[in-house]
Amino acid sequence: MSNTQPAPVASEHVELKARKVSFDWEETPLHWVPGDPFTTHTINVLHLLLPAGERWFVHVYQQALPYITDDRLRADVIGFIGQEAIHSQAHDDVLPHLREQGLDPTPYTAQVDWFFEKLLGDRTLPPGRPRRWWLLERVALIAAIEHYTAFLGNWVLNADELDRVGADPTMLDLLRWHGAEEVEHRSVAFELFMHLDGGYRRRARTWALAFSALVFLWQRGVRFFMENDPTLLERKASFGQFVRKGRQGVLPSTPDMLRSIPRYLSRAYHPSQEGDTAQAMAYLASSPGANGGR
Ligand SMILES: [Fe+2]
Ligand SMILES: [Fe+2]
């Protein structure tokens, strides 16, 4: 069982529900951050990683459900599954629009599918301890990844610079609706991990794995988009550009990202210490996409 059980900072508890959404991509330009293909494509990587990644969350959590002995946590996990299934579909729905604009992501998404379905998929393990070990590893990986989805969700809800530079409102709404639900359900994955295991060594090990995999997949995704964008002559993508765009405020800042690492690794960490549920709920109440579209 668990080592330590850090408590939420607030007693707030939101009943999670999957919201139907609708986004119309007709008017969204290829470079939806105007004149800034690097920022556009850095954020576009979400459309490549999330469909397979969030489908994988759902797949793993369905296997974890029978081991949950707390009714409220089970209800939270079911709500989480419903939300992630819709997130995965909503990002997948952007891909045909990219194809129409001459940017076919299939060679990259095939690699991402392999990563989640094969490398992190079900293994032919004997029942009992080996099978449970693999389930707990994946539950812990999801908790680490959700630290970053909540970080990004909180960032995009507050990224006023994207509005100022004239980013496409439909894309911003997709990102902020998703980001708001990530903030809303940010405690679920960590609480499930603490409920089923909570071991600190596993938390640290799986954080290192999740972080390395995210950095690896993300930089490959940005390079893929820049190299295959039919409109670009200057196709380079560099870490320096990422740092500069973070300083400008159109991408998360590198110092903020680095500071989030020791927070997750702190033994006192609880996801409710980060982000603002009231802000997320306010966005969800006003999101055009989550309220029947425009
Ligand atoms: Fe999500
Ligand atoms: Fe999530």
Cβ pairs under 8 Å, 6+ apart, first in segment 50-67 and in contact (Cβ under 8 Å) with a residue 12 or more places away in the chain and among the charged types (D, E, K, R), second more than 10 Å from ligand 1 (Cβ to nearest atom) and in a helix (DSSP H, G or I): R55/F116
Segment 151-170 - residue that is away from ligand 1 (no atom under 16 Å from the Cβ) and assigned to a helix (DSSP H, G or I) and, of those, farthest from L46 (Cα to Cα): R164
Every pair of residues 6+ apart whose Cβ atoms lie under 6 Å, when the first sits in segment 251-278 and is surrounded by 18 or more Cβ atoms within 10 Å (Cβ to Cβ) while the second is of a type in the set (K, R) and modelled with pLDDT of 95 or more: L251/K245; P271/R186; G275/R186
In segment 70-92, residue nearest to ligand 1 (Cβ to nearest atom) [restricted to those that are of a type in the set (S, T, N, Q) and without any contact (Cβ under 8 Å) to a residue 40 or more places away in the chain]: S88
Residue, nearest to ligand 2 (Cβ to nearest atom), within segment 79-118, restricted to residues that are part of a loop (DSSP other than H, G, I, E, B) and surrounded by fewer than 19 Cβ atoms within 10 Å (Cβ to Cβ): D93
Answer from P34, P66 - the residue that is away from ligand 1 (no atom under 16 Å from the Cβ), closer than 23 Å to D173 by Cα and exposed (fewer than 15 other Cβ atoms within 10 Å of the Cβ): P34
Answer residue from segment 178-199, given it is in a helix (DSSP H, G or I), under 24 Å from L157 (Cα atoms) and not aliphatic (A, V, I, L, M) and is farthest from ligand 2 (Cβ to nearest atom) among those: E191
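The values are calculated or read from the model by the stated rules, or taken from the named source; none is laboratory data. Because the structure is predicted, anything quoted here is derived from the model rather than measured. Neighbour counts run over all protein chains shown; Cβ positions are idealised from the backbone, glycine included.
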